[in-house]
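Worksheet for the structure shown next.
The values are calculated or read from the model by the stated rules, or taken from the named source; none is laboratory data. Being a predicted model, the structure only gives us computed values, none of them experimental. Positions of Cβ are generated from backbone atoms using ideal geometry, with glycine treated the same way; all protein chains shown enter the neighbour counts. Calculation scope for accessible area: heavy atoms of the full protein, side chains included, ligands and nucleic acids excluded. Shrake-Rupley method; radii C 1.70, N 1.55, O 1.52, S 1.80 Å.
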Amino acid sequence: MAKFERQYYNKGDPIARNRQRILDPNTKLEKLRTIPDEGFLSILGHRNFGEAYKSVHPPLSELGEPEDPMRDLVPPTEGAKAGDTVDTLVMTDSVYDSPIAVYLRAWMLHNRVRGLDTGCYSGRNTIEMRARDLEDAGRMLLETEVCDVRRNHLRQMTCTGHSCRLDQNGLMFDAVQRTKMDGTDVVYVKNGFGNPIDKPVNIGKGVSDEELKKRSSIYRYDNIPNLVLEDVVNPKPDEEVKETTQWIRRIMRQRLYGNLNPELIKEDAYENLEQLELKKGY
Amino acid sequence: MAYLTEKIDLYNDRGQVLESGIPLEAITPVQNPAVKEIADTFKRSIAVNLAGAQKALSTGHYANEYIHLPDIPNKADLPIKSGPYGKPKAVRTRTWDVPLVENADTLAAKLKEKLQVDADDGTEINIMKKGAMFYVKPSQKLCNAGIEYTAALTTTAQAMTDLVMEEFSDILDFHAAPLVHTAFYGRYPSTYEFMGGNVISLLAASCANEGPGFALRNLMVNHIVAITHSRTMQAMALSSTLEAIAHLEMGDTIGRWRRWQSLVYAYQGLNANNLVYDLVKECGSGTTGDVVGATINRALEDKVIKELKTLPSGFKFYTALDPSLWNAYVCAGTSAAVIVNQGAARAAQGVASTVLYFNDMVEHETGLPSAGYGDGVANGISMSFFSHSIYGGGSPGVFHGNHIVTRHSKGFLIPCVTAAVALDAGTAVYGPEATSGLVGDIFGEIKLLREPIESIAKGAAEIKNKF
C-alpha cells in the first residue's frame with residue numbers, strides 16, 4: 001500500500017492554497033531578505049551580539065541522562081544539548097492581507113521545527129524554544145516570504161491594536177512604535193520589548209498591495225478573488241470557500257456526535273449526510 | 001456481560017514483544033491482577049518522615065509554618081522572631097528534643113505491633129535512610145475494613161502520635177499532645193488536607209478530590225516521574241494505569257465506552273502492538289507534523305480508517321471503520337508526538353502545545369475527530385493557558401488529573417504530560433527533583449510501580465485463557 005501523503009490543507013480556494021503552501025515543510029519558503037546577525041539580535045532583545053548563550057542546566061553530555069530507550073530514539077536539538085535557557089519570541093500579524101495568520105503560524109512551526117512550545121493568544125503567536133534553536137526559527141520567520149515587513153512584526157510585548165488599523169503607508173499600527181517607515185523601507189528603532197536600540201535595523205521594503213492580496217492567507221470578504229475582480233458584494237460568500245466550510249463543519253459535527261456515541265462518527269450512521277439526519281436506531 | 005476478546009500484543013519500551021495474543025479484557029483494571037496490585041499499593045503505601053517530625057518538635061517549625069501572629073498593636077514589643085522588613089511575623093512555640101531517629105528500631109517494632117490486626121497479616125514496616133524514614137504498609141484487613149482509602153494514613157498517623165507520647169512520656173507532657181499530633185498529621189484538622197504532615201500518602205485527602213472517582217487522578221505528575229526514575233514509557237504506563245482505574249471509578253468505562261476506554265489504555269499506556277514505539281522510532285528526528293502523517297499512515301495500514309470521498313480540489317476525507325480504535329490510535333499518536341517534540345527540546349513546557357496542535361492537525365488532515373473527539377484540542381488549549389501566561393499556574397510537572405483543565409480528558413492527557421516531564425533535562429522550576437525527591441526514593445524501590453509495563457503484561461498473560 002502506498003504510504004499516506006499529508007494534505008495539510010484543502011486546496012479549494014486561493015487562500016486555502018496559500019495556507020497549504022506555507023504548512024507543507026516540503027515547500028521551501030522563498031528567502032526575501034537577510035538581516036545581519038547584530039541587527040537580528042538587537043531586534044530580538046535577548047542577548048547582545050557576541051554575548052554567550054545563557055544556560056539553565058549543564059550540557060547534556062556533562063549532565064548524564066537516565067537510561068531510557070526514548071531518549072535514544074529522539075536526538076536533542078543543539079540548544080538542548082548545550083543546556084540553553086528557554087527564550088521567547090512573539091510575532092503578530094495584521095488582518096489586512098498578511099501572508100500568514102496567527103493560528104497558521106502554530107501549525108507551520110509544528111510542521112517545520114523541532115522542540116518547540118507555541119501558542120496563540122489575542123492576535124499573537126508566542127514561540128518558546130531553547131535560545132539557539134529559537135534564533136534559527138526566528139530567522140525563518142523574519143527573513144522568508146511568511147514575513148511582509150509592513151504586516152508581520154516581531155513584538156515581544158504590547159501587540160494590542162495591531163489588527164485594528166494600518167498606519168501611514170500600510171504599516172501595521174504599533175502602540176510602542178517599534179517600527180517606522182524610512183522612504184519605502186521599514187526600520188526597527190526599538191527592540192521587541194519596546195526599548196530603543198543603538199543602531200536602527202533596516203529590514204527592507206515590503207511587497208506591493210496587489211502582491212499582498214495574492215499572497216494573503218486571511219479570509220476576508222474583500223479578498224476572495226471574484227469579489228475583488230467584479231467589485232460587487234457576493235451574496236453567498238460560502239460558495240467561494242465551499243471546501244473549507246464543508247471541511248470545518250464536518251469536524252465540528254463529528255466532535256459533537258462522537259462524544260454522544262463513538263459509532264456516530266461512521267458515515268453509515270446517517271440517512272442524509274448534508275442534512276445530518278441520523279438513521280433510525282442511532 | 002461480554003468479554004472484550006480482541007487480541008493485542010504487549011511490547012516493552014525497547015520495542016521487544018513481552019506477551020502476544022492477549023485479549024483486551026485481560027488488561028482492564030477489573031481483571032488484571034497487576035493493575036489491582038498497583039491500586040492496592042497506592043492505597044496502602046505510607047511514608048513516615050521521622051526526621052521531619054523530630055525537627056518539627058525540636059524547632060517549633062510545625063507543618064511547614066511558624067504560628068503566625070495576628071496583627072496586634074503591641075506586636076513589635078513582643079519577644080518574638082523577626083520577619084522580613086524588621087516586623088515581627090511569627091512566633092516559635094514550645095520545643096522538645098525527642099530522639100525519634102535514634103530510636104527508629106524500637107519505634108518501628110512498636111508501630112508494627114500497633115498496626116497489626118492479626119499475627120502475620122502482611123503489615124510491613126521498612127526502616128529507610130538510617131532511621132530517618134519508615135515505609136509503612138498496613139495490612140489489607142485493616143485497610144479494607146472501611147469503605148474509603150484513608151485508613152492507611154489516619155491509622156499510621158494516629159499510631160505514631162500515640163506511640164511517641166507513650167514512648168517519650170518522660171520528655172513530653174500532657175500539653176505536648178496537640179503539637180505531637182501536628183508533627184505527624186500536619187495542620188489537619190485546621191485544614192481539610194494533611195498540610196505539611198510528616199505522614200505522607202501518595203493519595204490526597206478524599207475531600208481534596210474534584211469529584212467522585214478522582215482519588216488516583218489526584219497524584220502529581222512529578223511524583224509519577226520520580227517513582228519511575230524518569231523512564232518515559234514506564235512513567236506513561238504508570239500514569240495511564242492510574243487514569244484507567246480512576247475512569248473505572250468515575251463510571252466512564254461502562255457500556256459502549258468500555259472498549260473505547262480500554263483501547264486508550266492499551267495503545268497509549270501499554271504500548272500495545274508497539275504503536276507508540278514504532279511512531280517514535282519512525283519520527284524521532286522529525287517534527288510533530290511527521291507524527292501526524294505516521295499515525296494516519298498506520299491507521300490506514302491497519303484498516304482502522306478508510307478513504308471516504310475526494311473533494312473537487314483533490315482533498316480527501318476519511319471515515320473510521322472502527323471509531324474506538326481510531327481514537328486509541330490518535331491517543332497513542334499524541335503521546336508519540338509529545339515524546340518527539342518535547343524530547344527534542346528536553347523541556348516539558350511545550351506539552352500542551354503539542355497535544356493541541358497534533359490533534360488539530362490530525363482533524364484537519366483527515367476530517368475525522370481527534371483524541372477524545374475534540375477533548376485533545378480543548379485540553380491542550382486550556383492547559384496552555386493554565387501552564388503559561390497571565391494565569392500563571394505551574395510547570396507541567398505539578399499538574400494532575402484532578403485539575404480543572406485536565407479532568408475532562410478521558411485518560412489520555414496526563415500520560416502525555418508525564419512523558420514530557422520525564423524527558424525534561426532540568427528546565428522546570430518545580431521539577432521532580434524539587435517536589436518529589438522523597439516520593440521517588442521510597443516508592444521507586446517498588447518494582448511493580450517502577451516497571452509497570454512488565455508487571456501488567458505478566459499479569460495479563462496469567463489470566464489470558466479465561467476470556
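Worth a mention:
- Average beta carbon contacts from partner chains per residue of B:21-27, 10 Å cutoff: 0
- For chain A, the longest site-free run once GluC sites (Glu not before Pro) in DSSP loop states with at most 15 other Cβ atoms within 10 Å are removed: A:68-273
- For B:K466, A:K266, the ranking by accessible surface with the largest value first comes to B:K466, A:K266, using a 1.4 Å probe.
- B versus A: buried accessible surface, summed, Å² (probe 1.4 Å, to nearest 100): 6100 Å²
- Panel note: contact residues of the range B:318-334 (accessible area lowered by at least 10 Å² against the chain on its own; 1.4 Å probe) correspond to B:Y318, B:T319, B:A320, B:L321, B:P323, B:S324.
- Spatial separation of Cα centroids for the range B:416-467 and the range B:104-177, in angstrom: 27 Å
- Counted without the sites themselves, the longest stretch of chain B free of GluC sites (Glu not before Pro) in a DSSP loop having at most 12 other beta carbon atoms within 10 Å is B:149-467.
- Neighbour cut-off at most 13 other Cβ (10 Å), DSSP loop, chymotrypsin sites (Phe, Trp or Tyr not before Pro), the range B:1-59: B:Y3
- Put a plus charge on the Cβ of each Lys and Arg, a minus charge on the Cβ of each Asp and Glu, and nothing anywhere else: the dipole of the range B:317-467 about its Cα centre is then about 260 debye.
- Accessible carbon and sulfur surface of the protein assembly as shown relative to its total accessible area, %, 1.4 Å: 51 percent
- Cβ charges +1 (Lys, Arg) and -1 (Asp, Glu), total dipole of the range A:14-215, debye: 760 debye
- Counted charge near B:K464, where neighbours are those whose Cβ lies closer than 13 Å (Asp, Glu -1; Lys, Arg +1): -2
- Average accessible surface area per residue within the protein assembly as shown, 1.4 Å rolling probe, Å²: 41 Å²
- Residue among A:P36, A:P200, A:P75 with the largest mean-square fluctuation in a Gaussian network model of chain A, springs linking Cα atoms under 10 Å: A:P75
- Once all protein chains are placed together, B:W257 keeps about 60 Å² accessible to a 1.4 angstrom probe.
- Mean projected area of the convex hull spanned by the Cα atoms of the protein assembly as shown, taken over all viewing directions: 39.3 nm².
- Accessible area per residue was computed with a 1.4 Å probe on protein heavy atoms; B:S58 scores about 40 Å².
- Going by accessible surface with a 1.4 Å probe and the largest first, A:M140, A:M157 read A:M157, A:M140.
- Taking a ≥ b ≥ c as the square roots of the eigenvalues of the Cα gyration tensor, chain A is classed as oblate, since a/c reaches at least 1.5 and a/b does not exceed b/c.
- Cleavage-rule hits (trypsin sites (Lys or Arg not before Pro)) in the range A:30-63: DSSP loop, at most 15 neighbouring Cβ within 10 angstrom: A:R33, A:K54
- Residues B:Y430, A:Y103, sorted by accessible area with the largest first, give B:Y430, A:Y103 [1.4 Å probe; ligands and nucleic acids excluded].
- Heavy atoms of B:L172: accessible area, 1.4 Å probe, square angstrom to 10: 10 Å²
- Rounded to whole Å, the principal axis extents of the Cα atoms in chain B read 86, 57, 35, largest first.
- Chain lengthening between B:S285 and B:I463 when straightened (0.36 nm per residue, less Cα-Cα): 60.2 nm
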